[in-house]
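The values are calculated or read from the model by the stated rules, or taken from the named source; none is laboratory data. In this text the structure is predicted, and so the values were computed from the model without any measurement. Using ideal geometry, Cβ is built from the backbone for each residue, glycine included, and neighbour counts are taken over all protein chains shown. The area values use the complete protein model at the heavy-atom level, side chains included, leaving out ligands, DNA and RNA. Shrake-Rupley method; radii C 1.70, N 1.55, O 1.52, S 1.80 Å.
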Amino acid sequence: MHRDRHLQLSAVLLAVTLCVVDGFVTPTDTYTHNAALDDFGKVHLFWKYDDTTITFEVHAETLGYVGFGISPNGGMTNSDIVIGWVKDGNTYLKDRFASAEGEPGIDDQQDYELIGGMETETHTVLTFSRKIDTCDEKDRVVTSDTLRLIYAYHADDPDTETGLPYHGAEQRGARSVHVLGVAPAEPEMPTGDDLLIYEFLNPNVTIPHHQDTTYWCQAFKIPPLDKKHHMIKYEPIIQEGHEALVHHILIYQCRSGVDEGYHGFGHECYSPNMPANLTQCSSTIVAWAIGGGAFYLPENAGFSLGDIANGDPDFVVMETHYDNPLYKDTFIDSSGIRVYYTPILRENDAAILEIGNGVSAFGQFIPPGASDFTTYGYCSQECLQEGSADTSITVFASVLHSHLAGVKLLTRHFRGGVELPMIAEDNSYDFNLQEMRHLKESVVIQPGDRLLTECTYNTMDRSTMTFGGLSTKEEMCLHFLYYYPRIQLPRCESNGILDLAMQACCNVTKIDYETIPLTVLEPPQYAGQRVIDVLNAQEWTQEQLDDFETAAYQLAYQNVCEKSNTENHPSHYTFKSVPEVTEPLVPEVSECESSADSNKYQWTSFVMTFPILLAMLVFM
C-alpha cells in the first residue's frame, strides 16, 4: 500500500469475495463474503449477515480444535473468541473471552449459536452465528470498521472444555478484514466482440528474499483505441503459489506527457532511480488487495478509456506490494491486473475524486508523542462549485488512506451548516488493508456541499515531527471517492496553516518561506533556526499538542483545488476560515449503548472572522 500516493493500498480489495474456491474450502451454504485468514490457505472464513445477525463458517486444516475470534488489535488479550471441535460425531462449541494471554475462559452468557460441524479427511468445519451486537460486555460488536480476526488450531481434540492443549506459535495468526463490507450483485457483462480484455502483468520480477517488503512499479502505455470505451470490471491475476506473496496491486494514471519510451520500464517504487515524470503518476484508477476478487462498476457507469483529449489515461504505473515476512525465497513473479472494457458505452463516466490533505510537507505536520492527534482535510464549497459546473455527483465506492501512524479515518459531509451522514468511517484503520469498498447506499454530493476528512494518528513511538509525503514514514490523509458522472476536479484537498501552528505551539511569529528548508525570522531567539529543528526541540505537552492541532487545522486552511488538465481552479491556494457547523450529526445509539457518548462526532465551532485570520497569516 505504499504508493502511497495512495491507496496506496496497500489496498484495496474491492470486495472480499474470492474468484475461485478450491474443493476443500467449498462452503456448506451460500455466503456473500470469504477470506483466507492465514498466508498459506490453511484457515478459511466464509460469512454473511443481515441487519441483526452474522453467520460464520470456518474451515481449518486440522482434525483437532479450532479457535476464531475478534480482537481489538490482533492479539489475544480482550478478544471475543469461540472455540469448537468435532469428536465422535458430535460438535462442541463454546463462547469465550480472553482477558489475557492464555486459555480463554468460558463466557457466562453464550451468544454464539452452533449451526453445524463436520470433519473431512483433512479439515474441521464449524458453522455458527451470533448477533452483530450481543449487548454482552465480553463480546465485541461487529462494526463496519476494520476488524482484526484471529484464529488458532491444534492437531488434537481436547478431552474437556478446559485445559486445552496449546496451539503453538505456528498455528495461530490474525488478519484484518472488512467484515461488514458490501458485496453488490454482479451486473450483466457484454459478450463476444463487445467485451475486450487487457492484462497489466509484471514481467518476471525478481522479489528478493533479504527484505520482507518490496514495492515494484511497472510502467505501461495504454493500448490505443479508435474511439471511447468504458472499463467495467477488473480482477487480479495472481501467479499460482504466490497468493500469500502478493499483498496489493494499484494502478495509477500518469499526467500527460510521459515519454512512450518508458513503456515496460520497471523499478522498485520510491527509489531515487525512478524517472521524475513517473513519480507524478498518482491518481488511482484500479485498486486490489489480498483476499479480494473482481470489482464491478455499477451498470450505469464505466471508467472512460480512449478519450485522451478529455482526460482519459494514456500512460499508467502499476504498483505491486510483495510481502515476504518469513524471508522464505527469492521469488520470480508475473502477477498483475486484468481489465475488461467495452465499446458499448454506459450512461455515465466514472471517476475518482481525491479529497483530504495535500500530499506534501505543507499538507500535514504531526508532532511526536501524541496518542490521538487529528489532521483535517477540507474539500471546500468553492472548489466543488468550480469543479462540478453545477453538476451533482453520486459516490458508490471509496478508499480511506493514511500511512503507518494512522488509527482512525472518516469523511464528514455538510450542506450549508447542516451535517449529513458520514460518507465513510474506520475507527480501527489498518495500513495493510486498504480496499475499495462499495457504499451501503450511494451518496449524492451537490455543488454547494463541503467535505471534511479527519485522520487521527498515534505517534507515541516517534521522537521527531512527521510531515506529509509519499514515504510510509511520512503521512497522508486521503479519501478516494469513486463516483459518476465525471467532473473536472480530480483533487479537492487542503493544506494546514503552519504559521498559526508555529505561533500556537512555539511563539514563532514569522517564517522565511524563501529558504529551503524553511527557517524562522522572528522572534530573535529562534532567528535563523530551521522550522523543523524548532518543532523537534519542543517537549510537546498535551496542551501544546491541542493548541497546535487547533491552530494548524481547525481555524483556517489553504485550498488545493486542481483541474483534470493539471491546471488549477480559481480557488487553488486561497485561504479560507473553517465554517461553523450549526447542526452537527447526531450519532445513532444502539439499544445496548444507553450510556453512549452522544458527542462522538460533534465539532467544536471556532467563531473567528476571516479578516482576523488573514491578519494572523503573516506570510500572505
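Can you spot a residue in the range 481-494 that is among the polar types (S, T, N, Q), under 27 Å from Glu567 (Cβ atoms), open to solvent by 10 Å² or more (accessible area, probe 1.4 Å) and touching an Asp or Glu at 6+ places or on another chain (Cβ under 9 Å)? So that I can check it myself, show each step before the final result.
Pass one, the range 481-494, residues among the polar types (S, T, N, Q): 488, 494.
Adding the requirement that they be under 27 Å from Glu567 (Cβ atoms) leaves 488, 494.
From what is left, the residues that are open to solvent by 10 Å² or more (accessible area, probe 1.4 Å) are 488.
With touching an Asp or Glu at 6+ places or on another chain (Cβ under 9 Å) added as a condition, the list becomes 488.
Yes: the range 481-494 contains one or more residues that are among the polar types (S, T, N, Q), under 27 Å from Glu567 (Cβ atoms), open to solvent by 10 Å² or more (accessible area, probe 1.4 Å) and touching an Asp or Glu at 6+ places or on another chain (Cβ under 9 Å).
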Worksheet item: Of the residues in the range 258-287, how many are more than 20 Å from Met189 (Cα to Cα) and open to solvent by less than 10 Å² (accessible area, probe 1.4 Å)?
Response: 4
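Would you check if there is a residue in the range 332-341 being outside any strand (DSSP E or B), modelled with pLDDT under 95 and open to solvent by 40 Å² or more (accessible area, probe 1.4 Å)? Talk me through it step by step, then tell me what you get.
Going through the range 332-341, the residues outside any strand (DSSP E or B) turn out to be 334-335.
Imposing the further condition that a residue be modelled with pLDDT under 95 reduces the set to none.
For the range 332-341, residues outside any strand (DSSP E or B), modelled with pLDDT under 95 and open to solvent by 40 Å² or more (accessible area, probe 1.4 Å): absent.
Specify which of the listed residues (Asp372, Asp307, Asp312, Asp323) is in contact (Cβ under 8 Å) with a residue 60 or more places away in the chain, open to solvent by less than 10 Å² (accessible area, probe 1.4 Å), among the acidic types (Asp, Glu) and out of contact with any Cys (no Cβ under 9 Å at 6 or more places or on another chain).
Values: Asp372 fails: open to solvent by less than 10 Å² (accessible area, probe 1.4 Å); Asp307 fails: open to solvent by less than 10 Å² (accessible area, probe 1.4 Å); Asp323 fails: open to solvent by less than 10 Å² (accessible area, probe 1.4 Å).
That would be Asp312, the only listed residue that is in contact (Cβ under 8 Å) with a residue 60 or more places away in the chain, open to solvent by less than 10 Å² (accessible area, probe 1.4 Å), among the acidic types (Asp, Glu) and out of contact with any Cys (no Cβ under 9 Å at 6 or more places or on another chain).
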Item to complete: Kindly check whether there is at least one residue in the range 553-569 that is open to solvent by 20 Å² or more (accessible area, probe 1.4 Å), closer than 19 Å to Gly496 by Cα and free of Cβ contacts under 8 Å to residues at least 24 places away in the same chain.
Response: yes
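Which residue is most open to solvent (accessible area, probe 1.4 Å), if the candidates are limited to the range 419-442 and must be assigned to a strand (DSSP E or B) and under 25 Å from Tyr557 (Cβ atoms)? Outline the logic, then answer.
To start, the set of residues in the range 419-442 that are assigned to a strand (DSSP E or B) comprises 419-426, 437-442.
Now drop any that are not under 25 Å from Tyr557 (Cβ atoms), which leaves 419-426.
Working: Glu419: 13, Leu420: 40, Pro421: 92, Met422: 38, Ile423: 13, Ala424: 18, Glu425: 41, Asp426: 3 Å².
Applying the filter and picking the extreme gives Pro421.
Across the range 493-545, which residue is nearest to Pro570 (Cα to Cα) among those that are of a type in the set (Gly, Ala, Ser) and free of Cβ contacts under 8 Å to residues at least 60 places away in the same chain? Lay out the reasoning, then the answer.
Of the residues in the range 493-545, the ones of a type in the set (Gly, Ala, Ser) are 494, 496, 501, 504, 527-528, 537.
Those still in the list that are free of Cβ contacts under 8 Å to residues at least 60 places away in the same chain too: 504, 527-528, 537.
Details: Ala504: 30, Ala527: 35, Gly528: 34, Ala537: 38 Å.
Restricting to residues being of a type in the set (Gly, Ala, Ser) and free of Cβ contacts under 8 Å to residues at least 60 places away in the same chain, the top hit is Ala504.
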Worksheet item: Only one of (1) at pLDDT below 95; (2) open to solvent by 80 Å² or more (accessible area, probe 1.4 Å); (3) within 30 Å of the chain's Cα centre (by Cα) fails for Lys131. Which number is that?
Response: (1)
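Which of the residues that make up the range 246-257 are modelled with pLDDT under 85 and either under 30 Å from Tyr327 (Cβ atoms) or open to solvent by less than 30 Å² (accessible area, probe 1.4 Å) (or both)?
The first filter runs over the range 246-257 and keeps only residues modelled with pLDDT under 85, leaving 247-248, 255-257.
Hits for the range 246-257 are His247, His248.
Of everything in the range 443-478 that's among the polar types (S, T, N, Q) and crowded, with 19+ Cβ neighbours inside 10 Å, which residue is farthest from Ile355 (Cα to Cα)? Quick ask: steps written out before the conclusion?
So the first thing to find is which residues in the range 443-478 are among the polar types (S, T, N, Q), and the list is 446, 453, 456, 458-459, 463-464, 466, 471-472.
With crowded, with 19+ Cβ neighbours inside 10 Å added as a condition, the list becomes 453, 456, 459, 466, 472.
Numbers: Thr453: 7, Thr456: 16, Thr459: 23, Thr466: 20, Thr472: 19 Å.
Within the range 443-478, the match that is farthest from Ile355 (Cα to Cα) is Thr459.
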Worksheet entry | Residue within the range 211-232 that is farther than 21 Å from Gly293 by Cα, part of a helix (DSSP H, G or I) and not aliphatic (A, V, I, L, M) present | no
